[in-house]
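Bear in mind that the values in this text are calculations on the coordinates, not laboratory data. These numbers come from a predicted model, not from an experiment. Here Cβ is always computed from backbone atoms with ideal geometry, including for glycine, and neighbour counts include all displayed protein chains.
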Amino acid sequence: MANAASFKLLFPTALCLMPSVFLFLLGPAIVDMSDFIQNTSGSLAETRSAAAETLAQQPTASRP
């Protein structure tokens with residue numbers, strides 16, 4: 001009976017724990033995807049292009 005108890009507890013444990021594990025692991029990805037779909041990531045692209053322009057304007061060191 002003791003051996004059967006662990007097998008019987010396997011499925012309820014998996015059914016209760018797996019959704020919370022998926023939310024914990026996939027939560028940040030879901031937030032990023034929703035930001036991407038809503039196009040709020042456009043400001044990130046603008047920031048990157050502004051940074052690239054700033055780097056392009058930096059003076060370069062000349063070799064003697």
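Listing for the model above:
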quantity	calculated
Scaled radius of gyration (Cα, divided by 2.2 N^0.38 Å) that the stretch 2-48 gives	2.03
Sites N39 and A14, calculated FRET efficiency, Cβ-Cβ separation with R0 35 Å, nearest 0.05	0.40
